[in-house]
Amino acid sequence: MKLKRVGLDLAKNVFQVHGVDEQEQVRCRRQLRRAQVLPFFRQLPPCLIGMEACGGSHYWARELGQLGHTVKLMSPQLVKPYIGEQKNDANDAAGICEAVGRAKMRFVAVKTVAQQELQVLHRVRSALIGQRTATVNQIRGLLMEFGVVVGQRIEVLRRALPEVLEDAENGLSATMRQTFAGLRQDLVGLDARVAELDGQLARVAKNDAACVRLQTIPGLGPVSATALVGAVGDGRQFKNGRAMAAWLGLVPRQDSSGGKPRLLGISKRGDRYLRSLLIHGARAVQRTCANKTDGRSRWLQALSRRQHKNVATVALANRNARVAWALLQDDKASYQAPQ
């Protein structure tokens, strides 16, 4: 069977295939079980395969690419207009097949196994930090019910909780002391797990050449550097640094019409986790730039005087994203601080 283009709708167990030939005539429309996918595509001549970027898509893209096929991933929101009114697996596969052949379609770069491993570390770390924050808030809220008020910062709670448990005059019963002692153990365990993952990321950042280059940018540490490498790899899917900054949602959102340009706040597209890391790193740089005289600090100081400090922070994050793209592109490049 000679197919020009194939749309593959992914699922856990049942996959839908829609293929067309050189004359755009439908030549294949069938369902496959998970175990049948690779044998089916192994017997096909090399062709273009389109898939939505979703759970498992990068794995299947790598596997099908090893069979000689050209695999392209697309954002589901860009495929949606090609599906039509009725949504089912067959229409989804047909819409994917149509979308992957469009000239102006934007594609998602296929991630390597190393990139996905980095992202797993970051996703687990982010989830643990969320659990830790929830535990801290729960402890503070429950203590308040018994008239014990603790400050908001996690460091304050870490210092105050042992004192609360040892204070015999605060009115807590033995049952409550035992309960709060258990919550404290949960907090200590979450701290240990986060520290363990931070250590893993630090080791990766120390041994990976791209991460080492990225950490020379002010505002980027081991966590931000490994997150960037895990998300964008070498960055070659972007035409330039501005395109990567736009993908991260660090540029103004447009609402222009009738020849009248109108720019709003940042678009907040792309990877929210990565964008927040870049902005937090830029905020740290902004807090320490007041007494510095290098070119970057002078630019940031002048911008902070003209605009709100949050605008200056996002502008620096945008600038760092562009510099990061340049360093990812060239293995021999190094960051040169402006004078």
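Of note:
- Check on LYS206, more than 20 Å from GLN116 (Cα to Cα) and not acidic (Asp, Glu): no
- All positions within the range 282-295 that are at pLDDT below 90 and part of a helix (DSSP H, G or I): GLY295
- Scanning the range 208-228 turns up at least one residue that is hydroxyl-bearing (Ser, Thr, Tyr), closer than 26 Å to ALA337 by Cα and within 19 Å of the chain's Cα centre (by Cα).
- Subset of the range 316-339 that is surrounded by 18 or more Cβ atoms within 10 Å (Cβ to Cβ) and among the aliphatic types (A, V, I, L, M) - its residue that is farthest from ALA205 (Cα to Cα): LEU316
- Of everything in the range 167-189 that is closer than 12 Å to GLN138 by Cβ and aliphatic (A, V, I, L, M), the residue that is farthest from the chain's Cα centre (by Cα) is LEU183.
- Within the range 306-339, the set of residues being of a type in the set (D, E, K, R), farther than 12 Å from GLY219 by Cα and outside any loop (DSSP other than H, G, I, E, B) comprises ARG306, LYS309, ARG322.
- Of the strands (runs of 3 or more DSSP E) lying entirely inside the range 1-113, those containing at least 3 residues that are surrounded by fewer than 15 Cβ atoms within 10 Å (Cβ to Cβ) and of a type outside the set (A, V, I, L, M) span 26-33.
- Whenever a residue of the range 21-50 is over 22 Å from MET74 (Cα atoms) and free of Cβ contacts under 8 Å to residues at least 40 places away in the same chain, its partners that are surrounded by 14 or more Cβ atoms within 10 Å (Cβ to Cβ) and of a type in the set (Gly, Ala, Ser), lying with C-beta atoms within less than 9 angstrom and at least six residues away or across chains, give the pairs ARG27/GLY19.
- Residue tally, condition closer than 30 Å to VAL156 by Cα and touching a residue at least 60 places away in the same chain (Cβ under 8 Å), over the range 178-222: 11
The values are calculated or read from the model by the stated rules, or taken from the named source; none is laboratory data. Remember, predicted model here, so these are calculated numbers, not experimental data. For neighbour counting, all protein chains shown are included, and Cβ atoms are generated from backbone atoms with ideal geometry for every residue, glycine included.
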